[in-house]
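Encoded as structure tokens, the structure appears first; notes follow it.
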């Protein structure tokens, strides 16, 4: 949309109107009318000499024109058509083939509480022996052993709290998973202690 359109329209309306005299238009029409300028131009056109080209001129021109482009176009057209047909046949064949079907099956087993062994206390003696051996061994950096010992004590306290919770409220699968995670962390701490010895 043009800005200030109304201003432009008002300015155009205020412009003065001029009319050209009729004789100007008559002169223009007379200049454009060829028949009025030279009435004999049609007769002069007929009297111009006509020339016939030599007979081999058209053959020379045809010989100079590139003929391979037309042949190439025909070749490319045929190749493109053949490729399109081959593609359509391939897609059609592929669509008609039997597709291998994949079946997924899901099964779920529920394990009773009696099937889960309560063997998380069986390594307590071995852990105590390793910690005693590490405490009596000379170490390059005793601060690392103290830090690992503190981590093991925190994990033992967390395990004791979960065992008390399980005795009070029963064997909850979430609590059992937490105890399993604590046992894995305790094993990692003991492995680090063994590397210090």
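The values are calculated or read from the model by the stated rules, or taken from the named source; none is laboratory data. Just so you know, these numbers come straight off a predicted model, no measurement behind them. So basically every Cβ, Gly included, is an ideal-geometry build from the backbone, and we count neighbours across all protein chains shown.
Okay, here's what the table says:
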{"read-out": "Subset of the stretch 170-179 that is over 42 Å from the mean Cα position of the chain (by Cα) and assigned to a helix (DSSP H, G or I) - its residue that is surrounded by the fewest Cβ atoms within 10 Å (Cβ to Cβ)", "value": "173"}
{"read-out": "Check on residue 44, loosely packed, with under 10 Cβ neighbours inside 10 Å, over 55 Å from the mean Cα position of the chain (by Cα) and at pLDDT 80 or above", "value": "no"}
{"read-out": "Evaluation of residue 114 against (1) surrounded by 10 or more Cβ atoms within 10 Å (Cβ to Cβ); (2) modelled with pLDDT under 80; (3) part of a helix (DSSP H, G or I) (one fails), failing number", "value": "(1)"}
{"read-out": "Some residue of the stretch 11-22 being surrounded by 10 or more Cβ atoms within 10 Å (Cβ to Cβ), at pLDDT 80 or above, part of a helix (DSSP H, G or I) and out of contact with any helix residue (DSSP H, G or I) (no Cβ under 8 Å at 6 or more places or on another chain)", "value": "yes"}
{"read-out": "Qualifying residue in the stretch 147-166 (condition: part of a loop (DSSP other than H, G, I, E, B) and free of Cβ contacts under 8 Å to residues at least 60 places away in the same chain)", "value": "no"}
{"read-out": "Test for residue 185: is it at pLDDT 85 or above and either touching a helix residue (DSSP H, G or I) at 6+ places or on another chain (Cβ under 6 Å) or exposed (fewer than 12 other Cβ atoms within 10 Å of the Cβ) (or both)", "value": "yes"}
